[in-house]
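Student: One structure, pasted below without further comment.
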Amino acid sequence: MRRKLIAGNWKMNGLRAGGTALAGGLAEKANAETPICDFLVCPPAHLLIPVADAISGSPVALGGQDCHVNASGAHTGDLSAEMLADTGCSFVVLGHSERRADHGESNALVRTKSAAAERAGLTAIICVGETAEERKAGRALEVIEKQIRESLPESAEASLVVAYEPVWAIGTGLTATPGDVAEVHAQIRKLLIELFGNDTGNAIRILYGGSVKPANAAELMAVENVDGALVGGASLKLDDFWAIGRSCP
Ligand code: 13P
């Protein structure tokens, strides 16, 4: 059915020596032992090319952490989806809560970026998730539904990926309970089927993210409709990231 995807979001971490060693180590493990899941690494921009070289010929995929809506032009400091593809990326993370917070990215902008990703042949991983206040107020499902309806492309391909990342669980060591994750992922699945029909809605992978580590990965990856993980901190440690992949059922 849906093969699990274990994606590492390195965020703004890593210099050339450490980043290439980490990616090279992962590629070596994936070459030596056929993984039971798909592995993806999303390094910061300056590491895309050295990491692409380090994972070349291995089953590990490469992704960007954001892209601009345009293919090229006067946009200082930005990278386009086409540029990501040119480095060897096949994925791009869009609408991460850190970009929504740090750069004021709206649902509408994330949707436009998802069209840019499609134009460049990249698979978008679109992030959604509620804040602690929204969960406390009992609004988690409502907030996530709005993000899904407004951030996803109008017509999705089966390869699209959605990541549920409760903001309060990111980098905090707190994780959503398997029960909460099951509830949110079931709601997202229902929406995906409503928006894109049965076949596509059932094929889209839904990742969980937020303090995933080897100690909680097996429990989380066994939850219905959890099709993988978007991993921050633990993706910077080779053995932890590999262990998360191996914990997939
Ligand atoms: P942590 O795994 O560090 O909580 O980060 C999760 C995340 O934001 C991945 O995109």
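Student: Only one of 165, 183, 194 is over 25 Å from residue 121 (Cα atoms), of a type in the set (Asp, Glu) and modelled with pLDDT of 95 or more. Can you tell me which?
Tutor: 183
Student: Of all residues in segment 124-152, which are surrounded by fewer than 21 Cβ atoms within 10 Å (Cβ to Cβ) and either basic (Lys, Arg) or assigned to a loop (DSSP other than H, G, I, E, B) (or both)?
Tutor: 131, 135, 136, 137, 138, 139, 146, 149
Student: If you don't mind, there's one more thing I want to ask. Evaluate segment 217-231: report whether one residue or more is away from the ligand (no atom under 11 Å from the Cβ), touching a residue at least 24 places away in the same chain (Cβ under 8 Å) and on the phi > 0 side of the Ramachandran plot.
Tutor: yes
Student: Still on this model: Please find, within segment 153-183, the residue that is surrounded by the most Cβ atoms within 10 Å (Cβ to Cβ) out of those that are hydrophobic (A, V, I, L, M, F, W, C) and over 17 Å from residue 193 (Cα atoms).
Tutor: So the residue we want is 176.
Student: Moving to a separate point now. Which of (1) away from the ligand (no atom under 16 Å from the Cβ); (2) assigned to a helix (DSSP H, G or I); (3) not polar (S, T, N, Q) does residue 100 not meet, given it meets every other one?
Tutor: So the condition that residue 100 fails would be (1).
Student: Answer yes if at least one residue in segment 185-204 is in contact with a helix residue (DSSP H, G or I) (Cβ under 9 Å, 6 or more places away or on another chain), in a helix (DSSP H, G or I) and within 14 Å of the ligand (Cβ to nearest atom), and no otherwise.
Tutor: No, segment 185-204 contains no residue that is in contact with a helix residue (DSSP H, G or I) (Cβ under 9 Å, 6 or more places away or on another chain), in a helix (DSSP H, G or I) and within 14 Å of the ligand (Cβ to nearest atom).
Student: Among the residues that make up segment 194-207, is at least one of them more than 19 Å from residue 129 (Cα to Cα), surrounded by fewer than 17 Cβ atoms within 10 Å (Cβ to Cβ) and in contact with a Pro (Cβ under 9 Å, 6 or more places away or on another chain)?
Tutor: No, segment 194-207 contains no residue that is more than 19 Å from residue 129 (Cα to Cα), surrounded by fewer than 17 Cβ atoms within 10 Å (Cβ to Cβ) and in contact with a Pro (Cβ under 9 Å, 6 or more places away or on another chain).
Student: With respect to residue 57, is the statement that it is over 30 Å from residue 199 (Cβ atoms), touching a residue at least 24 places away in the same chain (Cβ under 8 Å) and part of a loop (DSSP other than H, G, I, E, B) true?
Tutor: The answer is yes for residue 57.
Student: Failed condition for residue 175, given (1) among the polar types (S, T, N, Q); (2) within 16 Å of the ligand (Cβ to nearest atom); (3) assigned to a helix (DSSP H, G or I), with all others met?
Tutor: (3)
Student: Look through segment 60-97, keep the residues that are in contact with a strand residue (DSSP E or B) (Cβ under 6 Å, 6 or more places away or on another chain), closer than 17 Å to residue 14 by Cβ and in a strand (DSSP E or B), and return whichever of them is farthest from the ligand (Cβ to nearest atom).
Tutor: 64
The values are calculated or read from the model by the stated rules, or taken from the named source; none is laboratory data. Keep in mind that this is a model prediction, so the values were computed, not measured. Quick reminder, even Gly has a Cβ in these numbers, built from the backbone with ideal geometry, and neighbours come from all protein chains shown.
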